[in-house]
1. Determine how large the accessible area of K182 is when every protein chain is in place; take a 1.4 Å probe and give Å² rounded to the nearest 10.
2. Cα to Cα, under 22 Å, and not fewer than 8 places away if on the same chain: which lysines meet these conditions relative to K134?
3. Not counting ligands, DNA or RNA, and with a 1.4 Å probe, what is R163's accessible surface area in Å² rounded to the nearest 10?
4. Provide, for q = 0.12, 0.13, 0.15 Å⁻¹, the log10 of I(q)/I(0) from a solvent-free Debye sum over equal Cα point scatterers in the chain.
5. Leaving ligands, DNA and RNA out of it, rank I32, I199 by accessible area with a 1.4 Å probe, largest first.
6. Residue by residue through the range 111-122, what is 3J(HN,Hα) from phi via Karplus (6.51 cos²θ - 1.76 cosθ + 1.60, θ = phi - 60°)? Round to whole Hz and write x for glycine and proline.
7. Could you tell me whether the range 33-96 comes out rounded, prolate or oblate from its Cα gyration tensor? Rule is a ≥ b ≥ c as square roots of the eigenvalues, rounded for a/c under 1.5, then prolate if a/b exceeds b/c, otherwise oblate.
8. Name the long-range amide H neighbours of G81: under 5 Å, sequence gap of 5 or more, or other chain; modelled H, no Pro or chain starts.
Amino acid sequence: MSSCKLTYFNSQALGEAIRLLLHYGKIEFEDIRVDYEKDWPSYPKDTLPLRLLPILEIDGIQLHQSIAICRYLAKIVGLAGTTRLEDYEIDNVVDTVNDFRARLAGAFYEQNTVAKEETLKIIQNETIPLFLGKLEATAQQNNGHLALKRLTWADLYLTGMSRYLIRLVGSDFTANYQNLRKVIENTESTPGIKEWVAIRPDNPY
């Protein structure tokens, strides 16, 4: 890659897994951060395929959709599967994490007070135990990873999303799920990622 540029908000959320993959692969890139309050209202959104971020531009080619970008980079840096079934196992976990995020976000950003209260009850009583219980069991079976008993981009996806998930849940979701905590610790201690974690902006989510 002669040039690589990531454009995303000044947060982790949907963009951090991409940053982790780039740092893991020692791919130099320009980390462009858009201030949501100051810059986003006047940002030229018509230049974006779906008027959304993140966008990864590689050698002039614009890539969008965060999970598709992660999958693309994972194949480059060696964190994808080696067979179609292995890729399915990774994709399955990533989709589970993303579904969890989407359900949490739906409740978190709900504007109707009555609807929000009801949705939050479902989130606390059903959604969180269901999804985190499944992911915890998966991490335990894979020795502190989310797939294939080794580091894959699924680990980076959860780790990159972890602060945003904590914000949506309202507390540290790993407190009662020690194997998920181990996934994050294993990922953040990986060479390339470890150095980035030590110096990255301390965004709350």
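1. In the full protein context, K182 sits at about 90 Å².
2. K121, K149, K182
3. Answer for R163: close to 70 Å² accessible.
4. For the chain at q = 0.12, 0.13, 0.15 Å⁻¹, log10 I(q)/I(0) is -0.63, -0.74, -0.98.
5. Of I32, I199, the descending order of accessible area is I199, I32.
6. 8, 6, 4, 5, 4, 5, 4, 5, 5, 5, 4, 5
7. Here the range 33-96 falls in the prolate category.
8. For G81, whose amide H was placed from the backbone, the distant partners under 5 Å are D87.
The values are calculated or read from the model by the stated rules, or taken from the named source; none is laboratory data. A quick note: this is a predicted structure, and the numbers were derived from the prediction, not measured. Neighbour counts run over all protein chains shown; Cβ positions are idealised from the backbone, glycine included. Only protein heavy atoms, including side chains, enter the accessible area calculation; ligands, DNA and RNA are left aside. Shrake-Rupley method; radii C 1.70, N 1.55, O 1.52, S 1.80 Å.
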